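To start, the structure itself, in structure tokens.
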Amino acid sequence: MLKYLVLFLSVFLISIQTSAYADHWESSIGFNFNHSTYDSASYSWERRYGVSLGYNFTDLSTLELAYENTFTVSHISGIEDSSFLDRVVSVDWVQNILGRDYAFQPYLKGGLGQLVRDATSSNSLGQSTDTKQDQLTVVAGLGLRYYFTRTFAIRCEYTSYLTGGKISSFKDNFGAKFGISWMF
């Protein structure tokens, strides 16, 4: 327990440094689409997009309000059709590894959010199920920004969130978004 407290205090003290880049807002938008074909009639695809608005307390730390929407469809011919619509609203702490003086800016992200999931599934026997989840979730991620100017960057971010309160579900909801970010 003591080592976690020391780690938390160290990160906190590093993040409260003052900088010329503190006291700014950052807005971001990202999108990703992927598709897999298993045979001529079986496939899966996923569309993921997200938006965020963050306040930069310092050069290294941001408090962010984020929304992510993920829609996944899986069709296995003659066996099963399923779809998942996940919506996550979260409050996240974003910790930059390098300051804004660097064009490449890696960062870590962690927070709490609300997951709303609508799942639909049907099988070859005609059985259909609809499930709805509305639960608290943990969000974790990492990313990289490349600043073209002091206020505009491209962004690549990998995030995941828990479902059902199980830590092992992080690997089930892992995805990437590519987009832009700007400071104002």
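The values are calculated or read from the model by the stated rules, or taken from the named source; none is laboratory data. Every value quoted in this text rests on a predicted model; they were computed, and no experiment measured them. When we count neighbours, we look across all protein chains shown, and the Cβ atoms used for this are built from the backbone with ideal geometry, even at glycine.
Listed values, structure above:
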| item | result |
| --- | --- |
| Counted residues, the stretch 163-184 - those being closer than 21 Å to residue 108 by Cβ, assigned to a loop (DSSP other than H, G, I, E, B) and touching a residue at least 40 places away in the same chain (Cβ under 8 Å) | 0 |
| Out of 23, 59, 86, 39, sole residue that is modelled with pLDDT under 95, charged (D, E, K, R) and crowded, with 16+ Cβ neighbours inside 10 Å | 59 |
| Some residue of the stretch 153-161 being closer than 16 Å to residue 62 by Cα, without any contact (Cβ under 8 Å) to a residue 60 or more places away in the chain and among the hydroxyl-bearing types (Ser, Thr, Tyr) | no |
| Positions within the stretch 165-184 being out of contact with any Phe, Trp or Tyr (no Cβ under 8 Å at 6 or more places or on another chain) and farther than 21 Å from residue 91 by Cβ, in sequence order | 166, 168, 171, 172 |
| Tally of residues being small (Gly, Ala, Ser), within 22 Å of the chain's Cα centre (by Cα) and either more than 30 Å from residue 134 (Cα to Cα) or in a loop (DSSP other than H, G, I, E, B) (or both) across the stretch 75-102 | 1 |
| Where a residue in the stretch 35-58 is farther than 21 Å from residue 70 by Cα and touching a residue at least 60 places away in the same chain (Cβ under 8 Å) and its partner, wherever it lies, is surrounded by 13 or more Cβ atoms within 10 Å (Cβ to Cβ) and among the aromatic types (Phe, Trp, Tyr), with Cβ under 8 Å and at least six apart | 56/21 |
